[in-house]
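These notes are about the structure you will find just below.
The values are calculated or read from the model by the stated rules, or taken from the named source; none is laboratory data. Values in this document were obtained by computation on a predicted structure and should not be read as measured data. Virtual Cβ from ideal backbone geometry, glycine too; neighbours counted across all protein chains shown.
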Amino acid sequence: MTRAVVAVERALELFGGPVYVRRQVVHNRHVVERLERLGAVFVEELDEVPEGAPIIFSAHGVAPAVRDAAAKRRLLVVDATCPLVGKVHVEAKRFADEGFDILLVGSPKHDEIVGTAGEAPDWIHVVDGPEGVAAVKVRDPARVAWLSQTTLTVEETMSIVAKLRARFPSLRDPPSDDICYAAQNRQAAVKLIAPRADLVLVVGSPNSHNSNRLVQTAREAGAGDAHLIDGTRGIREAWLEGVFTIGLSAGASTPDVLIDEVLEWLAARGFADVEEIQTAHEGQTFALPHGLRRLLPQG
């Protein structure tokens with residue numbers, strides 16, 4: 001379970017319902033619906049939140065303008081921004097302070113990119129795929145840096161960066177890798193299982209960027225076929241015809257219960273032997289947001 005989801009649950013325990021959440025706390029429909037049943041209210045903008053009420057910022061982060069708006073409405077803020085996303089925000093501010101134009105690789109409509117771009121809107125240029133490289137205009141080609149959305153694949157990011165570097169040879173790299181370690185680990189595992197699989201199923205919601213990228217990765221890595229499913233109801237029996245080996249993966253925010261349900265569904269159709277492929281041990285944990293920790297009982 002992700003840090004942001006735990007933050008919503010603890011806030012509900014602390015404040016009772018309703019607790020307001022700006023946008024989907026993570027991009028998974030099942031997680032959002034479960035939190036709604038517990039008392040979370042998901043809103044698009046802060047003007048939907050009663051003055052003084054608790055508000056949780058999602059894992060994807062927000063722009064400074066959103067924080068200012070929350071302060072003006074005297075909202076009780078719990079910032080559940082993923083620390084990896086927060087790191088990109090810090091890097092963006094630092095590059096901007098040093099006078100660098102920042103080429104931010106990612107989807108301009110994704111909440112994460114909107115939030116990061118808001119940190120330095122006069123200095124950040126969003127590059128949406130290889131086709132966006134030619135349109136970039138900067139102040140000084142010698143002072144240009146790049147950052148990226150954390151849920152992209154390493155391959156797609158670096159292919160775009162290579163095109164950017166061809167235009168701007170002095171392009172500065174971020175101080176550390178921006179791609180989410182959970183997304184990278186899943187991509188690496190899918191690359192291993194895809195060549196052995198007649199079919200790869202990725203459990204995740206349609207609006208989950210990293211889940212969609214896993215399907216793309218599976219196809220590019222040699223899977224016979226690959227599909228994104230939101231649970232067992234998304235599986236078509238016809239996909240199993242002539243299939244002997246199935247690869248199974250899931251988006252970073254997918255609950256374990258959904259994966260277990262898919263495994264049971266497949267076992268009932270003759271795919272009962274399971275081999276786990278692990279490319280990395282995910283032992284990293286993040287503390288609850290400071291705004292929540294200081295309100296919780298100590299001890």
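For the stretch 38-52, the set of residues classified as in contact with a Leu (Cβ under 8 Å, 6 or more places away or on another chain) and assigned to a helix (DSSP H, G or I) consists of LEU38, LEU46, listed by residue number.
The residues listed here are LEU84, LEU103; of these, the one that is in contact with a Phe, Trp or Tyr (Cβ under 6 Å, 6 or more places away or on another chain) and closer than 28 Å to ASP173 by Cβ is LEU103. For the stretch 208-261, a residue qualifies if it is of a type in the set (Lys, Arg) and closer than 24 Å to ILE179 by Cβ, and the qualifying residues are ARG213, ARG219.
Could you look through the stretch 252-282, keep only residues that are in a helix (DSSP H, G or I), touching a helix residue (DSSP H, G or I) at 6+ places or on another chain (Cβ under 9 Å) and among the charged types (D, E, K, R), and pick out the one that is surrounded by the fewest Cβ atoms within 10 Å (Cβ to Cβ)?
Within the stretch 252-282, the first condition is being in a helix (DSSP H, G or I), and the residues that meet it are 256-267.
Applying the additional criterion that residues be touching a helix residue (DSSP H, G or I) at 6+ places or on another chain (Cβ under 9 Å) yields 257-258, 261-262, 264-266.
Subset that is among the charged types (D, E, K, R): 261, 264.
On the way: GLU261: 15, GLU264: 11.
Looking at the filtered set, the residue picked out is GLU264.
Looking across the stretch 196-211, just one residue is farther than 9 Å from HIS27 by Cα, under 12 Å from the mean Cα position of the chain (by Cα) and small (Gly, Ala, Ser), and that is SER211. Can you find a residue that is free of Cβ contacts under 8 Å to residues at least 24 places away in the same chain, among the charged types (D, E, K, R) and surrounded by fewer than 23 Cβ atoms within 10 Å (Cβ to Cβ) anywhere in the stretch 176-188? The answer is yes, given that some residue of the stretch 176-188 is free of Cβ contacts under 8 Å to residues at least 24 places away in the same chain, among the charged types (D, E, K, R) and surrounded by fewer than 23 Cβ atoms within 10 Å (Cβ to Cβ).
Does the stretch 54-73 contain any residue that is exposed (fewer than 13 other Cβ atoms within 10 Å of the Cβ) and in a loop (DSSP other than H, G, I, E, B)? No, the conditions are met nowhere in the stretch 54-73.
Residues being surrounded by fewer than 16 Cβ atoms within 10 Å (Cβ to Cβ), touching a Lys or Arg at 6+ places or on another chain (Cβ under 9 Å) and either over 30 Å from PHE244 (Cα atoms) or in the same structural domain as VAL105 (by TED's automatic domain parsing) (or both) are represented in the stretch 119-133 by at least one member.
Just give me the residues in the stretch 172-231 being outside any helix (DSSP H, G or I) and of a type in the set (Asp, Glu), in sequence order. Even if it seems obvious, please write down each step before you answer.
At the first step, the residues of the stretch 172-231 found to be outside any helix (DSSP H, G or I) are 172-180, 197-208, 221-231.
Listed by number, the residues that qualify are ASP173, ASP177, ASP178, ASP198, ASP225, ASP230.
Reported count of residues in the stretch 207-251, each being crowded, with 18+ Cβ neighbours inside 10 Å and acidic (Asp, Glu), is 1.
Within the set ARG34, ARG94, the sole residue that is in the same structural domain as TRP146 (by TED's automatic domain parsing) and more than 17 Å from ASP111 (Cα to Cα) turns out to be ARG94. Kindly indicate whether any position in the stretch 134-141 is within 18 Å of the chain's Cα centre (by Cα) and farther than 21 Å from GLU9 by Cα. No, there is no match, as no residue in the stretch 134-141 is within 18 Å of the chain's Cα centre (by Cα) and farther than 21 Å from GLU9 by Cα. For the stretch 86-110, the set of residues classified as assigned to a helix (DSSP H, G or I), surrounded by 21 or more Cβ atoms within 10 Å (Cβ to Cβ) and within 14 Å of the chain's Cα centre (by Cα) consists of VAL88 only. Just name the residue that is modelled with the lowest pLDDT out of those in the stretch 2-37 that are among the small types (Gly, Ala, Ser) and not in a helix (DSSP H, G or I). Among those that are among the small types (Gly, Ala, Ser) and not in a helix (DSSP H, G or I), it is GLY17.
Restricting ASP273, ASP225, ASP260, ASP256 to residues that are among the charged types (D, E, K, R), in contact with a strand residue (DSSP E or B) (Cβ under 7 Å, 6 or more places away or on another chain) and over 18 Å from GLN149 (Cβ atoms) narrows the list to ASP225.
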